[in-house]
Amino acid sequence: MSQFERKPGPSAPDRDKPRRAAGTPRPLKAVTQRRQKFWSRFFTRFDTDSGSPRKAALRILETVLLVVLALVFSHWVAPDDPLGVDAQFPWLWLVPAILAMRYGSTLGVVAVATMLGGWYVLTHGRQGDEAAAMVSAAQAFPQSYFLGGLILTLLCGQFAEVWNARSRRLRAINAYLDERLTMLTKSHFLLRLSHERLEQDLLSKPLTLRESLDRMRSLTLTQILLDPQQMPAPEAFLQILAQSCQVAAASVYTCDGAGRVNPQAVGSIGKVSELVADDPLVKYCLAQRKLGHVQTESLNQNLRNQSRYLVCAPLNNFDGQLFGLLVVEQLPFVALNEDTLQLMSVLIDYYADGIEMGDTARAILQQLPTCPPELAVDLVRLHRLKRATDIDSSLVALVFGDDELSRDMYNQIRRLKRAADVVWAYKTGDHNVLMTLLPLAGAAAVDGYLMRVEVASQAQFGSQSLASYAATHTAAIGSDEPARLLPNLVERCAA
């Protein structure tokens, strides 16, 4: 027969056989389950492993054999009184009592029934006539002897069942606690790994973005109204880059009005060399007016390999004028990633914007003389960050009344200022206004800030809500020009 020919199918009787064979396990399984349920009614109360019929049968056989052996031994020791009815102590009852303490009341009753049968056999064996033996056995039946033994056995069995139930309960509790302990151990292990990862991240990036911006603000605030051509504290700026971005060696150079780089560095960190003006990465950075690095795809691979620098970034003021250049010569390999480059770009833009305030910030100060200079500068700076990197920031103004409760809450909320926030507190008419600039805070962060104020007000003044003593006004930075955004918000608060 060819391997492609179809084999003949099974005949009708053959097709029926597998169906009958496949149908037989179902009733056998049901019978087995019914048997296990029957035996479990008697044995699972005191032993969780004795629900099977096989174990139940073995324990019944063990009980009967032990009692029979005890009867045989007692008959061999005392043939005239094998049960010890006339003895000072019925030692034979120790066997059913021990079996009841081991297996429970059910097998204890089986042991008592076996002793009762043994008593009948021993009494019947002494009489020749069967009828006479039955009459003699009925007259000589020791009722108190068997009643006391039965009560003793039941007491021992009840004690065993209670004790085994408690033991089973304790085993279940211990199993649950072991499982919880295992889960807790695994959770602790994951927590330890998480803490180690956080420690590594802290070592590699000890400053958060908010802390870096706060330090950058304090760095440029003293120079903000001075000559824009002066570069304030370049060494401190490089130190912040080293702590935030792991920069090991870098230099800052100034540029003239034509965009030519001064070869004399105004600040450096680490071991640096003289500037190579014709370096491919430097030329790319000056030509494109944007940050370039050794992984920039728009730069030719051969030119990238020829560069001695890892990162080059221009320092542009708010008006787009180039006044400086940052070159990074040494940077850890693990730090050269997208997150570090984005953070470096943000810090560079933040520092460059702070060097020259620009006409917009000056216009804000002219319209609002009481406005803090750091608020005007940060507003302009964050507006540019929004346009360049799409990082949200917000302004929140709370207008309080002039009553005693509103003044107390006004002073309470002023103390909730974070390190990176800029607060402007002023009075307009009969209202006290608290305006807070939230850097790097979108709509969700504003909701969190208002929720924090709400919780503080409820903790201080009971169940009164924020809307009962203050009006809330918000503005998203980037929705309008800074010279119009802040004055419009001030007008809304005065309305």
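The values are calculated or read from the model by the stated rules, or taken from the named source; none is laboratory data. It should be emphasised that the depicted structure is a prediction, and the values quoted were computed from it without experimental measurement. Note that each Cβ is placed from the backbone with ideal geometry, even for glycine, and that neighbours are counted across all protein chains shown. Only protein heavy atoms, including side chains, enter the accessible area calculation; ligands, DNA and RNA are left aside. Shrake-Rupley method; radii C 1.70, N 1.55, O 1.52, S 1.80 Å.
Considering every residue within the range 387-406, establish whether at least one is farther than 17 Å from C371 by Cα, open to solvent by 70 Å² or more (accessible area, probe 1.4 Å) and among the polar types (S, T, N, Q).
no
Going by what's in this entry, would E404 be described as within 21 Å of C493 (Cα to Cα) and touching a Leu at 6+ places or on another chain (Cβ under 6 Å)? Can you show your working first?
Details: within 21 Å of C493 (Cα to Cα): yes; touching a Leu at 6+ places or on another chain (Cβ under 6 Å): no.
Here the answer is no, as E404 does not meet what is asked.
Test F323 against the criterion of being open to solvent by 30 Å² or more (accessible area, probe 1.4 Å) and within 22 Å of A250 (Cβ to Cβ), and give yes or no.
Values: open to solvent by 30 Å² or more (accessible area, probe 1.4 Å): no; within 22 Å of A250 (Cβ to Cβ): yes.
In short, no.
Return a yes/no flag: does the range 66-86 have any residue that is open to solvent by less than 50 Å² (accessible area, probe 1.4 Å), in contact (Cβ under 8 Å) with a residue 40 or more places away in the chain and in a helix (DSSP H, G or I).
Yes.
Does I364 meet the test of being open to solvent by less than 10 Å² (accessible area, probe 1.4 Å) and farther than 25 Å from N488 by Cβ?
No.
Across the range 281-306, what is the number of residues that are open to solvent by less than 50 Å² (accessible area, probe 1.4 Å), of a type in the set (S, T, Y) and not in a helix (DSSP H, G or I)?
Here the count works out to 1.
From the list L336, L343, which residue is open to solvent by 10 Å² or more (accessible area, probe 1.4 Å), at pLDDT 80 or above and under 20 Å from P234 (Cα atoms)?
L343
State all residues of the range 361-378 that are out of contact with any Cys (no Cβ under 9 Å at 6 or more places or on another chain), assigned to a helix (DSSP H, G or I) and touching a residue at least 60 places away in the same chain (Cβ under 8 Å); if no residue qualifies, say none. Lay out the reasoning, then the answer.
Of the range 361-378, the ones out of contact with any Cys (no Cβ under 9 Å at 6 or more places or on another chain) are 361-363, 366-378.
Retained after the next criterion (residues that are assigned to a helix (DSSP H, G or I)): 361-363, 366-367, 373-378.
Answer for the range 361-378, where residues must be out of contact with any Cys (no Cβ under 9 Å at 6 or more places or on another chain), assigned to a helix (DSSP H, G or I) and touching a residue at least 60 places away in the same chain (Cβ under 8 Å): A361, A363, Q367, P373, E374, L375, A376, V377, D378.
Across the range 234-272, which residue is most open to solvent (accessible area, probe 1.4 Å) among those that are of a type outside the set (D, E, K, R) and more than 29 Å from F333 (Cβ to Cβ)?
By that ranking, first place goes to Q264.
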